[in-house]
1. Just want to confirm a number: the relative contact order over segment 39-138, from Cα pairs under 8 angstrom separated by 6+ residues, in percent.
2. To the nearest 20 debye, what is the magnitude of the charge dipole of segment 173-261 about its Cα centre, counting +1 on the Cβ of each Lys and Arg and -1 on the Cβ of each Asp and Glu?
3. How big is the charge dipole of the chain about its Cα centre, in debye rounded to the nearest 20, if each Lys and Arg gets +1 on its Cβ and each Asp and Glu gets -1 on its Cβ?
4. Give the shape of segment 9-113 as rounded, prolate or oblate, defined through the alpha-carbon gyration tensor: a ≥ b ≥ c are the square roots of its eigenvalues, a/c under 1.5 means rounded, and otherwise the shape is prolate if a/b is larger than b/c and oblate if not.
5. At 1.4 Å probe size, with the rest of the protein present, what percent of the exposed accessible area of the chain is carbon and sulfur atoms?
6. If packing is taken as the average number of other Cβ atoms within 10 Å across a peptide's residues, how do 4-10, 185-191 rank, most packed first?
7. Run the dipole for segment 1-124 about the Cα centre, Lys and Arg Cβ at +1, Asp and Glu Cβ at -1, nothing else charged, and hand back the magnitude in debye, nearest 20.
8. What number comes out for accessible area per residue over the chain if the probe is 1.4 Å? Units Å², please.
Amino acid sequence: MAIRVTVWGENVHEQKNKSVAELYPKGMHTAIADALNRDTGVQAGTAVLQDTEHGLSAERLAATDVLIWWGHAAHGDVSDAVVERVCDAVWGGMGIIFLHSAHFSKPFKRLMGAPCNLTWREAGERERLWVTSRSHPIAAGLPDHFELENEEMYGEPFGVPEPLETVFVSWFAGGEVFRSGLTYKRGAGSVFYFRPGHETYPTYYDANVQRVILNGVKWAYNPAARIADPNEAPNVPVEHALEPIVERGLRLHHDGEEGFR
């Protein structure tokens, strides 16, 4: 069965900026989905901020194996209820990929529990991405390094937790470096952050970038059944303990109580 992908796009710059609209006439989300759909093992659809529930209803997320998130100008417009729904899906086993300015998105900051801040410059400078983990599945089929002629610079320090793996490191023409491909586990879900993708440049038409995103989808895919309620914290009564025990001391809670949150 094909991996079911939802590419979520903010879809703001494409509507308000002529240059972005000319570069991505159907939106960055559609360009990404179209590239993914060239692989017979992937079935990619799109959703945008302007859709009802941002296109991310409980039913849509339940039918999504991997969610791809691109945001920039309207992070604050994303409903907190949808953010919690997305994070619950990740904790339950859905894979998620955050692209470029999604480092400041509500779901990414919620999952990282960190400021996720960095330095930046918009000058259309050359970016050279180096593969730092040659055997990693996300780097499969890539050269040791590849270049993007025009990109926005992101520079260290990057205010995120220490990742499981650093797959790519970027160097920019201005001299800065940045950890551009980071992986995490959050609950049962796999998280991949991939840096390139400024909206005024044709980054998502680049074959190497498309390869990274496709590899990221296959890496983040979890074939196991989704955990129904990853926030569940059940009380285990004394009589249900695996080994016989005798209750001692005073109790604050009664059997079956949900406990404090």
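The values are calculated or read from the model by the stated rules, or taken from the named source; none is laboratory data. In this text, all values refer to a predicted model and were calculated from it rather than measured experimentally. Every residue, glycine as well, gets a Cβ built from its backbone with ideal geometry; the counts of neighbours run over all protein chains shown. In case anyone asks, the SASA skips ligands and DNA or RNA and just uses the protein heavy atoms, side chains included. Shrake-Rupley method; radii C 1.70, N 1.55, O 1.52, S 1.80 Å.
1. On the way: 75 pairs, mean separation 24.1, N = 100.
Relative contact order for segment 39-138 comes out at 24 percent.
2. Working: 10 positive and 11 negative charges, 113 e Å.
Once rounded to the nearest 20, the dipole reads 540 debye.
3. Details: 24 positive and 35 negative charges, 69 e Å.
Using only the charged Cβ atoms, the result is roughly 340 debye.
4. Values: a/c = 1.78, a/b = 1.20, b/c = 1.49.
Because a/c hits 1.5 or more and a/b fails to exceed b/c, segment 9-113 counts as oblate.
5. Details: 6620 of 12780 Å².
Reported share for carbon and sulfur atoms: 52 percent.
6. Details: 4-10: 25.9, 185-191: 18.7.
In decreasing order of mean packing, 4-10, 185-191 become 4-10, 185-191.
7. So the dipole magnitude of segment 1-124 works out to roughly 240 debye.
8. Details: 12780 Å² over 261 residues.
For the chain, the per-residue accessible area is 49 Å².
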